[in-house]
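Here is the structure we will look at.
The values are calculated or read from the model by the stated rules, or taken from the named source; none is laboratory data. Computed from a predicted model, the values in this text were never measured in an experiment. Here the Cβ positions follow ideal geometry from the backbone for every residue, glycine too, while neighbour counts run over all protein chains shown. What goes into the accessible areas is simple: the full protein's heavy atoms, side chains included, and nothing from ligands, DNA or RNA. Shrake-Rupley method; radii C 1.70, N 1.55, O 1.52, S 1.80 Å.
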Amino acid sequence: MAENNGKNENTYADTHSRIKKIRYLVVILLLVFVVLAVLFYREDLTVENFRYLMKYVDVKPVTFGSSENTQIDFESDSATVTGSFKEDLVVLTKTSVKIYDLSSEEILSDSHSMTSPALSLGDRFFATYDVGAKYVAVYNSFSKLWSNTFDFPVYDVSLDDNGNFCVVTAEKDHTSALKVYNNNFENIFNWRSVDKYSLTADIYSADSDKVYMAVGTMKNTSAGDLLSEVVILSTDSNKVIASLDFNSELIMKVNFNSAGNIVCLTDKVLRIIAPDGSILSDYSFNSRALRKFECGGEWSALLLNENLVGKMHTLIIFGANGDTYMVSNINSEVTDICVSESFAFLLGVEEITVIDLKGKQVKAYPSERSYRSVELLDEKNVYLVYDGMALAKGVEVE
């Protein structure tokens, strides 16, 4: 027995020694990483980067992809809007914008007064604005970086992945104006119209030199008919690249997908348009009612109601060039959709549907409660949001 005790003590001592060596090695590697970062990436080192790195220190690990979840509590009101920015939860209300990390810690809080708060997300920044009012603010994870009160009401704000953004507003003697800013918050481009009304726009830059914009406009013709138009612009030219007219259609949304093509949604047709204005594909709803639309990465998701009323829906997933990639029948009232490069997530009243876009597998789960929205946390996880609370959940299709 004494001999066994001696062996155990030696084993414990050896294990302890190995753990100490591993700890020292980790510290040395961390120091080497910091020194190399300072030497070679000095210009990219910012306070935000360090704070973003350190926000995960001493946070309890959260297991995703299982029945486990993490819960974030927040104050909400009747106009609350939520989103996910750099894996944190953004909560926008009439009186404030706040960011919570996965440990439910509040890492940003800024007060304002809004009637119809709206949120626009990019990879580098996010923006808040009051639809129909004049105030716009741009943030990173930890502070407000820029704000402006425009002379005329603002109807849409969009950001690209490089931090450029555009604002849909108006100007004196012009019914519409698009103002474009770079990531240094300099006004680099302007477009105006004297007879068109703009309610939606998007911005895209594959590199820092050339930035594309798409503006969705509408006006009444002399005969009283509705005429919608998509105007395609670029910061390297004062000329319109292309404009496309759609008679008797109401334009609802324009988005750039990850391939740089324009996804144009009207009340009757979904079109994929190349940056030069050529139409790559169009998909008519054929009297079916539009219920939901979402554009994420290369994918575009369209949810149509087959019988105008009832729970029978058709989900169509389109590829980057407008090819019909997948069609699925959904037998549930759907309240929200989010789409990533890997999956589509449909939030329903009776059930939640998860679709593996690579394997084209579909799985439905019973809905545990009446969620109000779903936000994409990352490629494998989502935030399920309801009044005053959000759950971070893993996505499973197996």
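Brief remarks on what is shown
- All strands (runs of 3 or more DSSP E) inside region 70-146 with 3 or more residues being touching a Lys or Arg at 6+ places or on another chain (Cβ under 9 Å) and of a type in the set (Gly, Ala, Ser): none
- Condition met for LEU53 (at pLDDT 60 or above, more than 21 Å from the chain's Cα centre (by Cα) and not in a loop (DSSP other than H, G, I, E, B)): no
- Qualifying residue in region 202-212 (condition: more than 25 Å from ALA274 (Cβ to Cβ) and in a strand (DSSP E or B)): no
- Any hit, region 109-123, residues being open to solvent by less than 40 Å² (accessible area, probe 1.4 Å), touching a His at 6+ places or on another chain (Cβ under 8 Å), more than 26 Å from PHE256 (Cβ to Cβ) and free of Cβ contacts under 8 Å to residues at least 60 places away in the same chain: no
- Filter result for SER198 (under 20 Å from VAL263 (Cα atoms), at pLDDT 95 or above and touching a strand residue (DSSP E or B) at 6+ places or on another chain (Cβ under 6 Å)): yes
- Going through (1) open to solvent by 20 Å² or more (accessible area, probe 1.4 Å); (2) more than 28 Å from GLU379 (Cα to Cα) one by one, PHE293 falls short only on (2).
- Residue within region 385-393 that is in contact with a Lys or Arg (Cβ under 8 Å, 6 or more places away or on another chain) and acidic (Asp, Glu) present: yes
- Summed over region 157-201, residues that are more than 19 Å from VAL240 (Cβ to Cβ), open to solvent by less than 40 Å² (accessible area, probe 1.4 Å) and either in a strand (DSSP E or B) or hydrophobic (A, V, I, L, M, F, W, C) (or both) total 4.
- Count of region 226-236 residues which are of a type in the set (A, V, I, L, M, F, W, C) and open to solvent by 40 Å² or more (accessible area, probe 1.4 Å): 1
- Count - residues of region 237-277 that are open to solvent by less than 50 Å² (accessible area, probe 1.4 Å), outside any strand (DSSP E or B) and not acidic (Asp, Glu): 7
Residue-wise test of (1) touching a residue at least 40 places away in the same chain (Cβ under 8 Å); (2) outside any strand (DSSP E or B).
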| site | (1), (2) |
| --- | --- |
| ASP282 | yes, no |
| LEU290 | no, no |
| SER300 | yes, no |
| LEU304 | no, no |
| GLY310 | no, yes |
| HIS313 | no, no |
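Residue by residue, here is whether (1) open to solvent by less than 50 Å² (accessible area, probe 1.4 Å); (2) of a type outside the set (A, V, I, L, M) holds:
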residue	(1), (2)
ASN305	yes, yes
THR314	yes, yes
ALA320	yes, no
TYR325	no, yes
ASN329	no, yes
SER332	yes, yes
ALA344	yes, no
GLY348	yes, yes
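- Meeting the requirement of 2 or more residues that are among the charged types (D, E, K, R), the strands (runs of 3 or more DSSP E) wholly within region 328-398 are 351-356.
- All of (1) aromatic (Phe, Trp, Tyr); (2) open to solvent by less than 50 Å² (accessible area, probe 1.4 Å); (3) under 22 Å from the mean Cα position of the chain (by Cα) hold for PHE285 with one exception: (3).
- Selected residue [at negative phi and either at pLDDT 95 or above or of a type in the set (Phe, Trp, Tyr) (or both)] from SER222, SER281: SER281
- If you filter region 358-398 down to residues that are closer than 20 Å to LEU119 by Cα and open to solvent by 60 Å² or more (accessible area, probe 1.4 Å), you find that the one that is nearest to the chain's Cα centre (by Cα) is ARG372.
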